[in-house]
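Notes to accompany the following structure.
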Amino acid sequence: MKIQNVADDSFRRYGKVLEGYDFAELLKEMKHTPVPEDVTYVPSVEEMEALPVAKELQNKGYGGLPIEIGYCNGHNKKLNGLEYHRSSEINVAVTDLVLLLGHQQDVERDFTYDTSKVEAFLVPAGTAIEVYATTLHYAPCHVKESGFQCVVVLPRGTNTKLTFEKDSEGEDKFLTAKNKWLIGHEEVTVDIAKSLAYS
């Protein structure tokens, strides 16, 4: 598996690079967030949502819908699941990181997915991207041993605890949080560290 770049044309099927935002204060705020040895995700951080860029992201990025701004930090080099939402996700790479992406359209009728179809993309530090709703994704992979840091912007309430009963069959059984469908295996993971090669 080679690592492509989000600036490459091949990324356009999964999302787009965002321009015209000033993320300086947001990146500064991220310096206060922890980078654990595993992966941590926090859906909403008040200090980040109080920054001027938050209103800009809400209006330009989501057409005025309420949003949440949080982060995903840590160390990761495995593919152990893929998730999708009914909405785009905006990521701002604080450090260099690699995203493993696929297409929801490739999920089989029985909700299995062939991971050989996954593609890897480098998101350079300081780069903001929109990941389309039909793009399968999960926690980033670190590029440096110091780990990764990534801002995550989503419609408010996404990835929070379910407050309703869901069906146990079909797509509903993969609904693990609000606006989050997760396809994964709790025992089998794919170690991609040895198969990644920069292009």
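Observations on the model:
- Sparse-neighbourhood loop sites, GluC sites (Glu not before Pro) in the range 48-133 - DSSP loop, at most 11 other Cβ within 10 angstrom: Glu108
- Percent accessible area from carbon and sulfur atoms, the range 1-132, protein chains only, probe 1.4 Å: 48 percent
- Using only alpha carbons, the chain has a radius of gyration to Kirkwood radius ratio (Rg to Rh) of 0.94.
- Inter-site label distance for Tyr21 and Arg109 at 7 Å from Cα along Cβ, in nm: 3.9 nm
- Per residue, the accessible area of the range 1-150 comes to 48 Å² when a 1.4 Å probe rolls over the protein heavy atoms.
The values are calculated or read from the model by the stated rules, or taken from the named source; none is laboratory data. On a predicted model such as this, the values are computed, not experimentally measured, just so you know. Don't worry about glycine lacking a Cβ; one is built from the backbone with ideal geometry, like all the others, and counts go over all protein chains shown. For the accessible areas, the whole protein counts, side chains as well, though only heavy atoms, and no ligand, DNA or RNA atoms are used. Shrake-Rupley method; radii C 1.70, N 1.55, O 1.52, S 1.80 Å.
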